[in-house]
1. Between 0 and 90 degrees, rounded to the nearest ten: what's the tilt of helix 131-142 against the longest Cα principal axis of the chain?
2. Would you grab the residues whose amide H sits under 5 Å from the one on Gly50? Only those 5+ places off in sequence or on another chain, please, with H modelled 1.01 Å from N.
3. Helix 61-74 against the longest principal axis of the chain: what's the angle in degrees, Cα atoms only, rounded to the nearest 10?
4. For the range 1-126, what does the alpha-carbon gyration tensor say about shape, rounded, prolate or oblate, given a ≥ b ≥ c as the root eigenvalues, a/c under 1.5 as rounded, and a/b over b/c as prolate?
5. How far, in nm, would the chain grow between Asp49 and Met70 when pulled straight, counting 0.36 nm per residue and subtracting the alpha carbon separation?
6. Leaving out ligands, DNA and RNA, and with a 1.4 Å probe, what % of the accessible surface on the chain is carbon or sulfur?
7. Counting only C-alpha contacts under 8 Å and six or more residues apart, can you give the relative contact order of the chain as a whole percent?
8. Is the C-alpha gyration tensor of the range 51-123 telling us rounded, prolate or oblate? Criteria: a/c under 1.5 is rounded; beyond that, a/b larger than b/c is prolate, otherwise oblate.
Amino acid sequence: MEIREFHWLMNIVQNLDVGLVVLDKAYRVQVWNGFMESHSGRLAGEVRDGVLFDLFPDVDRAWFERKANMVFKLNNRAFSTWEQKPYLLRFSNYRPITGSAPHMFQNLTLVPLADFGGQVTHIAVMIYDATDEAMLISGQRQA
């Protein structure tokens, strides 16, 4: 890959409207994109190499470890919707239309990342803002 292509790729990762966190098997943060910086208030340099559970003690550790361990062991994706668990990291809701939401509702995708030998050494956690969907559905349920 050319350096120019790598630069473009990194620019895309930083500007995705999706949270991207890469964790090693000890749950140390290796990648923390711009979405995560914006919503957590913590820069990548502040969280890099920190243990997720130490950085964010309110994370449901037992639940997340169960999900992540399956990804590490089975080399298979895992998913979670806001209906199963409202969020992984409690971020404020910043949207004007859904401003009444108590927090950002999140959907998650956990993706195995294998080394050159095929061993899963890291996982990518993608965090999608599902607040609009959650508020729409909960509004329909109340109607």
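1. Here the helix axis deviates by roughly 30 degrees.
2. Val29
3. Taking the Cα atoms of the chain, the angle to 61-74 is about 50 degrees.
4. On the way: a/c = 1.70, a/b = 1.18, b/c = 1.44.
In terms of gyration-tensor shape, oblate.
5. Details: separation 21, 0.36 × 21 = 7.56 nm, distance 2.22 nm.
Extra length available between Asp49 and Met70 comes to 5.3 nm.
6. Ligands and nucleic acids excluded, carbon and sulfur reach 54 percent.
7. RCO, the chain: 22 percent.
8. prolate
The values are calculated or read from the model by the stated rules, or taken from the named source; none is laboratory data. Here the structure is a predicted model, which means the values were calculated and not measured. Don't worry about glycine lacking a Cβ; one is built from the backbone with ideal geometry, like all the others, and counts go over all protein chains shown. Areas reflect the complete protein model, heavy atoms only, side chains present, ligands, DNA and RNA absent. Shrake-Rupley method; radii C 1.70, N 1.55, O 1.52, S 1.80 Å.
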